[in-house]
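This report refers to the structure that appears directly beneath it.
The values are calculated or read from the model by the stated rules, or taken from the named source; none is laboratory data. Predicted model only: the values in this text are computed from it and were never measured. Glycine also receives a Cβ, built like all others from the backbone with ideal geometry; neighbour counts cover every protein chain displayed. Surface areas here come from the heavy atoms of the whole protein model, side chains and all, with no ligands, DNA or RNA. Shrake-Rupley method; radii C 1.70, N 1.55, O 1.52, S 1.80 Å.
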Amino acid sequence: MPTERPNGSLYTNIEKNIAWVEFGHPASNSFVSELLARLASEFDSLSNNPKVSLIVLKSEGERAFCAGASFDELVAISNLDEGKAFFSGFANVINAMRRCTKPIFGRIQGKAVGGGVGLASACDFVYATVAASIKLSEISIGIAPLVIAPAVERKMGKAALAELSLSPSEWKNAYWAKEHGLFAKVFDSIPEMDKELDFHVHQMATYNPEALAEMKRVLWEGTDHWEKLLLQRAESSGRLALSPNTKKALEKFKK
């Protein structure tokens, strides 16, 4: 059963050197700030766990993978400090995924919006179903996907980032996402995806963990500056959230 907890849920199960990390929230697996902080901390912990060789990131249920950050918290932003703190949530998670010494496999069973696309982009290898359409809707509500942009661009390229961010009402299907490098494999159903994912990660878990860690390091070369960059982007996003144009746009969505 999907969680009904207003602050969401986060569970980790470790078996045979694989950490299965599952998050959930009743609002289409969106993230409140507390849940983002817990997820960032979990990646840091697993990075230092010698019993873990790789990580699988997944969300609850069979529908949306992740609807991004909490709309209620976004609407409630009243000053720059609150805005920066709000947008720093995904910045901290992406940096934790980047720093993590273990490869992260993403399991994307359904739609991903905004920060959900950022999470998928920060994974090292992504499995998805045909239902896993993606969208960056931020500009339609007066903000921009500034924090997740480096992760999306790293995985998909600047042209794909531009196409996603500048068509904020348009869903891109899973095959478009695969063609542009976000998804490694796309399956017709969740059972088919899970069967292949399970086989793949259990096979990978038998390999030299030192080799996996070195490969992870190579994949993220040149991103050390993200520690500062993403927080700077969070502050810029917080400033946008206070714009009268944004407040006006958010009022329309609230109605």
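Remarks
- Subset of the range 237-255 that is of a type in the set (Ser, Thr, Tyr) and buried (at least 17 other Cβ atoms within 10 Å of the Cβ) - its residue that is nearest to residue 89 (Cα to Cα): 237
- Number of positions in the range 137-162 that are among the small types (Gly, Ala, Ser) and under 15 Å from the mean Cα position of the chain (by Cα): 3
- Spans of helices (runs of 4 or more DSSP H) in the range 51-154 with at least 2 residues open to solvent by 10 Å² or more (accessible area, probe 1.4 Å): 71-76, 80-99
- Listing of helices (runs of 4 or more DSSP H) fully contained in the range 171-234 that carry 3 or more residues being touching a residue at least 60 places away in the same chain (Cβ under 8 Å) and surrounded by 13 or more Cβ atoms within 10 Å (Cβ to Cβ): 190-204, 209-219
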